[in-house]
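What follows is a short report on a single structure.
The values are calculated or read from the model by the stated rules, or taken from the named source; none is laboratory data. All of these numbers come straight from a predicted model, not from anything done at the bench. Cβ placement follows ideal geometry from the backbone for every residue including glycine, while neighbour counts extend to all protein chains displayed. Please note that ligands, DNA and RNA were not included when accessible areas were found on the heavy atoms of the full protein model with its side chains. Shrake-Rupley method; radii C 1.70, N 1.55, O 1.52, S 1.80 Å.
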Amino acid sequence: MDATTVAGCFRDKSILITGSTGFLGKLLVEKILRVQPAVKKLYLLVRAADAASAEQRVFSDVIEMDLFNMLRKKYGLPGFQSFIQEKVVPIAGDIIYENFGLDNLRADALSKDIDVIINGAATTNFYERYDVALASNALGPRNACEFAKKCPNLKLLLHISTAFVAGTQEGLLLEKAFQNGETLREGYYMDIEAELQLVDKIKSELTAAKSGTLEQLKKSAMKELGFKRACHFGWPNVYTFTKTMGEILLGQRRGNLPVVIIRPTMVTSTYQDPFPGWIEGARTIDALIVAYDEQAFPCFIGDRSNVIDAIPVDIVINAAMVAIAVHWNEEAQVIYHVSSSLQNPLSLYAFEDACMDYFYINPRTLENGKIVPNKRPYVFKNLSFFRLVLLLVYKLPLQMLHVMSFLLCGMFSQHYNKLNRRLNFLMLLVKLYAPYAFFNGRFDDTNLSRLWSEAKMDGGDDSIFNFDPKRFDWHSYLVEVHVPAVLKYKRKEKGRA
Ligand SMILES: NC(=O)c1ccc[n+]([C@@H]2O[C@H](COP(=O)([O-])OP(=O)(O)OC[C@H]3O[C@@H](n4cnc5c(N)ncnc54)[C@H](OP(=O)(O)O)[C@@H]3O)[C@@H](O)[C@H]2O)c1
């Protein structure tokens, strides 16, 4: 199979995509339109009040991005606009509902035209409300699956999950499906229906108890509940916990439906396609880049010898498209880790080195023209010790400031509140991210390697659908592409704020 065959699969086909306003979704839309201009329709399901707002969202959040510049250049502006109008169909909908909340007539008409469904929509917040995460990440894939089964011409449902459904397990983590009820803690059984009922029960108890600040109360109670239930079953956060439920429900419901589950690890900026360094948001490890830049933390936690599993976003999109072509109409479920830790490992130390090298080459200057020195932050290998340092160096002096402020009639209360908020935020980051700072697993990618060799993408035109994690050099990618991309994005965002 060569690139022409992969692109050929999308010819005259209608694809329903959820999550197109997100980071991966936009890139997917652009790539399909670029490599297969003869695609029949791309139905983009977005959350919006009505058809007009859906159209507005698709144009402002997706099509207007610089990501589409290659296409704009190819067609010229008027040509680009009519190309988009012909191919892209915005639909107002929400994956938390059966039939995505579409009325029967609309759902029926849509189902008759769909060949492939790509479900990328999810809430990616590690500290999301449990009710929200359950609805989007667990029930969302279930609803996508039920809708897929109603599509008479459906060739495949591709669901984007995450490699971190594996939680914080150590060793080699396999591309295998979760069984119904399976958890990451021995002796525990997860009943998704019971979790949904628990959420309803707690929400109605809250409604009965309070009225005034109910929404705020519900919000914090639901966030804590999600975190607690995730930890109870062995996951470090509600995001990965509910993404696992999504996979389980999909597996339970799919019947004979052809399903591919893509599990990327931590997704970074584009390596090369459509141009290097496209990114949206500063996520996961990017927080470290921003922290180095702002010299925000003198220290952090982790083990420098540990491997960070990251993967450029265009590699993920390419793997997804090739998997669609290879598993077209195959009545099976296949899982792919799109990861780097096995074939092209990146240690935290090497990541840090690349950041340092970037800042040596591009020194930061203060307003007075002085160069900001490059300091390696101190890395604590022991979480309890780190917590103790936070207590002694930050928490206790802050409490003293609080007492002083009280004695001086609130003289320092503003300053205290500001520092206290920062400390609480840092503690929340530690609570949510510490498990990953010490992550010691490697993602097996046997299926992905097989896909690479079976699809024979090595044939010369491989760069169009390159998804070989060995093909890039981390150091040059980080120094020349990713670190500047994150900083550019961050500075632009600050400028907008
Ligand atoms: N980014 C990563 O590092 C990473 C790593 C591994 C896996 N993944 C997976 O890749 C997928 C895409 O991630 P991303 O980084 O692109 O996320 P993202 O930027 O946060 O985008 C999430 C998308 O999902 C949509 N969405 C959320 N809930 C929805 C709902 N109930 N109904 C319809 N649409 C909904 C959002 O729409 P709105 O614009 O309306 O909010 C947005 O378009 C997710 O499934 C995620 O779990 C991401």
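Of Met245, Met70, the residue with the largest accessible area leads and the full order is Met70, Met245 (1.4 Å probe). First select every other residue whose beta carbon is under 12 angstrom from the beta carbon of Glu146; then total the charges, Lys and Arg +1, Asp and Glu -1. Value of the local net charge: +4. Cross-link reach is defined here as a Cα-Cα straight distance under 19 Å, omitting same-chain residues fewer than 8 places apart; for Lys456 the lysines meeting it are Lys470. Counting Cα-Cα pairs of the range 407-452 in 10 Å increments starting at 0 gives whole-percent bin shares of 21, 22, 20, 16, 11, 7, 4. A cut-off of 5 Å between modelled amide H atoms, ignoring neighbours fewer than 5 places along the same chain, links Tyr43 with Ile15, Leu16, Ile17, Val89. Among the protein heavy atoms, those of His159 account for about 0 Å² of accessible surface (1.4 Å probe, every chain in place).
For Ser476 and Met70, the FRET efficiency from 1/(1 + (r/R0)^6), where r spans their Cβ atoms and R0 equals 25 Å, is about 0.65.
Exceedance of the 22 Å cut-off in Cα-Cα distance is limited, within the set Lys41/Lys112; Lys13/Lys150; Lys31/Lys492; Lys228/Lys381, to Lys31/Lys492; Lys228/Lys381. Close amide H pairs (under 5 Å, H built 1.01 Å from N) link Ile335 with Ile261, residues at least 5 positions away or on another chain. Seen from a random direction on average, the alpha-carbon convex hull of the range 37-176 projects onto 11.0 square nanometres. Dividing the C-alpha radius of gyration of the range 239-361 by 2.2 N^0.38 Å, with N its residue count, gives 1.29. Farthest towards the positive end of the charge dipole of the chain, among the residues Ile311, Val39, Cys299, is the Cα of Cys299, using unit charges on the Cβ of Lys, Arg, Asp and Glu. When a 1.4 Å probe is rolled over the protein heavy atoms, the share of accessible surface on the chain that falls to carbon and sulfur comes to 54 percent.
Scaled against 2.2 N^0.38 Å for its residue count N, the alpha carbon radius of gyration of the chain is 1.02. Mean residue ellipticity at 222 nm, helices only, the chain: -14000 deg cm²/dmol; runs of at least 4 DSSP H residues each add -39,500 (n - 2.57), and the sum is divided by the number of residues.
Helix 23-35 and the longest principal axis of the Cα set of the chain meet at an angle near 30°. Take the Cβ-Cβ distance between Lys492 and Ser220 as r, set R0 to 30 Å, and report the resulting FRET efficiency rounded to the nearest 0.05. With a Förster radius of 30 Å, E is 0.40. Figure note: Glu454, Glu64 ranked by solvent-accessible area, largest first, 1.4 Å probe, ligands and nucleic acids not counted: Glu64, Glu454.
Neighbours of Pro276 by Cβ distance under 10 Å: Lys/Arg scored +1, Asp/Glu scored -1, total -3. Averaged over its residues, the range 161-277 has an accessible area of 44 Å² per residue, based on protein heavy atoms and a 1.4 Å probe. For the range 259-305, the alpha carbon convex hull comes to 142 Å³ per residue, rounded to a whole number. When all protein chains stay in place and ligands, DNA and RNA are ignored, the 1.4 Å accessible-area order of Thr270, Thr365, largest first, is Thr365, Thr270.
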